[in-house]
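A short write-up of the structure that comes next.
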Amino acid sequence: MEAAMGLMRRIPPKHTETALSALLSLMPNHSSDLLSQVDQPLQVLCDVQCGKEFILCEYNRDADSYRSPWSNKYHPPLEDGSLPSLELRKLETEANDIFAIYRDQYYEGGISSVYMWEDDNEGFVACFLIKKDGSKTGQGRRGYLEEGAWDAIHVIEVGPEEEENTNYRLTSTVMLTLTTNNESSGTFSLSGSIRRQMSMKLSVADGHLCNMGRMIEEMESKLRNSLDQVYFGKTREMVCTLRPPSEVAQMRMPES
Amino acid sequence: MAEEEEESELSDKQKVEIAKWFLLNSPPGEIQYVAKDVKSILNSDDLYNEAASEAFPFYNKSHLISLQLSNRSGDVLVTSFGELEGNAFLEPRTAQVAMVDHVKQVCTGVRPATDEELPSPYVEEFRCNLDAEVIKYVEETYPKGVCSVYCASGKDVEGPGSNFELAVVISAARHSPQNFCNGSWCSIWNIDFKDDQQTVEVKGKVQVGAHYFEEGNVQLDAKHECKDATLFQAPEECALAITSIIRHHETEYLASLEASYLNLPDSTFKDLRRKLPVTRTLFPWHNTLQFSLTRDISKELGIGK
C-alpha cells in the first residue's frame, strides 16, 4: 500500500485515473484502501427527474447506485438506498442551493453537489464537490485553454455541539490540469493535485452552513493560491535552473 | 465484486504491461524510485525484471539521459542517434563506444569506435565543426547541459554531390529530491544537408518537464517544434549558422514558456476558478437569505432556470 501511494505521488496527475485502475487490478485486495486514499477526477451523472447533473463520489454511493442531491433519488434506482435524516436532508438541500450560487460566482459555470450523512458520534459529515471544465470547448469563458479541468473535494466532519460551539474538520483536495496550445509556444501543460486540512472551533450561532461555507471559501482560495504561486512557481524555477533566462532579459527589452 | 475477482486474474503479460506503463510515465530522474515501488507491488522478481528490461532502454533514450563514461573521459548521451547493437552507444566526440546497463543507468565499459561506426572524413568535418560551436553555446547557456552531434544518415558520403543528415542533441537535467523537485530539458535538432538544393534544413523538437512534489504532485510538460533553414556553405560557416538558429529558437521558446507562466494567474487560471467572485467581494455566507428571496421572486415571475 505504501508503494502504491508512492507511485501516486510521482505519476503525472493527468494520468491519475489510468494509474488508479492499474493499481486496482494489480492489488485487488487493497481496492477499498486505494479508493478511499487516492483522489480521482470526479464523474458526473444526469438526474433524469430534474434534468440536472450531479457529481458522483464514495459519499453518495450505495451498491452501484448514486444518490442525486436534487431529487434525493438513487440512479440507477435503488429500493432501499440509505438516505440522510429528514432534518439533515433539509440542510443538504439548502447547502446545495447556496453552494450552487457560490460556485457560479467563483467558477462562472461548472457543476456542484453537496452530500451529508450522520456519523457515529452525534455529529454529521458533509461533502462539497465542484467540477469545472474550463477548456474552450467546455465552459472556459475566455477561451485560453485547450484542456482545463478543476475538481475540488471538500469533506467536513462536524462534531456535536459543545456549549454553543462546534468543531469542524475540513479536508480538501484540488486536482487540476490545464493545457494551452499555440503555434509559437507549442503545448504547455500543467497538472497537479494537492490536499490540505484545517480545523476550527466555531460558534453555531451563525449556522452550520455559514461556518462550513466560510471555511471552504478560505481553503479554496488558499489552495488556488498555493498551486498558482508555489507549485507552478516551483516548476517555473526549475525551468530557469535548467536554462537560466539571462540572455532573454538582455535580448528582450520591455516593449512598452 | 464479481468484476473485481475477474480483474484480479491478470495474466503475467498484463502485469508486465502495467509495470512498464508506470516505469515509462516516471517523471524526469525518478524512474529508480518508481521501479522500487513497482517491484514491491509486483512481488515477483521475474515479472519486474521483464518489465524493467523493456521499459528502461525506452525511458533512457526518450529522456536523453547522460552517463559518465567508465574511463572518465567524458559523458555519453543515451539516444537512438548513437545506438549501436547490444546496448552500446556511440560517443562521437571522442570516437568511443560505451556499453550501457540500462536498468542500473551506468556505463559499464568503453571501447574505441571502429571505422565503420564513424562517418566519412567529409561528413566528420561538418559534424566536428558543428559540435565545437554547439559545445560553446551549451556551456554558456545550460549550467548542466550535455550535448552531442551525430550523423543521422549518409555517414558514408565521401564528398559534395550527396545529401546527409546530422542531429544535435542537447540534454540538461536537474535532480534535487531534497528540494522535492526534478526537471529536464531535452532538445533534438535534425539538420538536413541538401546538396541538390544547396540548403540546410533545420527541424527542432524541444521537450521540457518538471515535477514538484512537496506535499502534493504538480508537473509541467511542455513541447515545442519548429523549423528553419540556412544556406549550404563550408563546414565552419554552416556550424556558425546552424548554432545561431538553435540559439535563436531555444531562446524564443524559453521566452514563450515564461510568457505562458506569466499569463497563468490573471487569464489562464481564471477559466478554472477566479481569485474573487464575479461580485469582487467574498461570498456573503452570513446573508444567504437574500438568495432564497431572489430565487422565490424569479420563480414567481417565471424567469431563471
Exercise for review: Within chain B, what's the longest run with no GluC sites (Glu not before Pro) in a DSSP loop and at most 13 other beta-carbon atoms within 10 Å? Give the range, please.
Suggested key: B:216-305
Exercise for review: Treating only the Cβ atoms of Lys and Arg (+1) and Asp and Glu (-1) as charged, compute the dipole magnitude of the protein assembly as shown about its Cα centre; round to the nearest 20 debye.
Suggested key: 1620
Exercise for review: List every residue whose amide H lies under 5 Å from the amide H of residue B:113, counting only residues 5 or more places away in sequence or on a different chain, with H placed 1.01 Å from N in the peptide plane.
Suggested key: B:96, B:97
Check your understanding: Any idea what angle helix B:121-141 forms with the longest principal axis of chain B, computed on alpha-carbon atoms, 0 to 90 degrees, nearest 10?
Key -> 40
Point to revise | Average Cα contact separation per residue, chain B, under 8 Å, 6 or more apart, as relative contact order % | key: 11
Exercise for review: Go ahead and estimate [θ] at 222 nm for the protein assembly as shown from helices alone: -39,500 (n - 2.57) per DSSP H run with n ≥ 4, summed, over the residue count, rounded to 500.
Suggested key: -11500 deg cm²/dmol
Practice item. Grab the other residues whose beta carbon is less than 11 angstrom from that of residue B:269, score K and R as +1, D and E as -1, and report the net. Key: +3
Check your understanding: Using θ = phi - 60° and the Karplus form 6.51 cos²θ - 1.76 cosθ + 1.60, what ³J(HN,Hα) does each residue of the range B:164-178 get, whole Hz, x for Gly and Pro?
Key -> 8, 10, 10, 9, 9, 10, 10, 9, 10, 10, 9, 10, 10, x, 5
Study note, to complete from the structure: Restricting to lysines and to Cα separations under 20 Å from residue B:104, and discarding same-chain partners fewer than 8 apart, the set is B:20, B:36, B:39, B:61
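Within 10 Å of each Cβ in peptide B:262-268, how many partner chain Cβ atoms are there on average? Round it to a whole number, please.
The mean count of partner-chain Cβ atoms within 10 Å per residue comes to 5.
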**Study point:** the range B:188-199 - phi-based ³J(HN,Hα) in whole Hz, Karplus 6.51/-1.76/1.60, Gly and Pro as x
**Key:** 10, 10, 8, 10, 9, 7, 9, 4, 4, 9, 6, 10
Exercise for review: List the GluC sites (Glu not before Pro) within the range A:160-189 that fall in a DSSP loop (any state other than H, G, I, E or B) and whose Cβ has at most 15 other Cβ atoms within 10 Å.
Suggested key: A:161, A:163, A:164, A:183
Exercise for review: Give the angle, between 0 and 90 degrees and rounded to the nearest 10, that separates the Cα long axis of helix A:86-107 from the longest principal axis of the Cα atoms of chain A.
Suggested key: 20
Check your understanding: Scanning chain A for trypsin sites (Lys or Arg not before Pro) in DSSP loops with at most 13 other Cβ atoms within 10 Å, what's the longest stretch left with none?
Key -> A:1-140
Review point. Which whole-number percentage describes the relative contact order of the range B:108-248, with Cα contacts under 8 Å and a sequence gap of 6 or more?
Key: 20
Exercise for review: Within the range A:29-108, list the GluC sites (Glu not before Pro) lying in a DSSP loop whose Cβ has at most 12 other Cβ atoms in a 10 Å radius.
Suggested key: A:79
**Study point:** Per-selection Rg to Rh, the range B:64-118 - Cα, Kirkwood hydrodynamic radius
**Key:** 0.91
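Every number here is computed from the coordinates shown, using simple stated rules; none is lab data. Since we're looking at a predicted model, the values are computed, not measured. Heads up, the Cβs are rebuilt from the backbone with ideal geometry, glycines too, and the neighbour counts pull from every protein chain shown.
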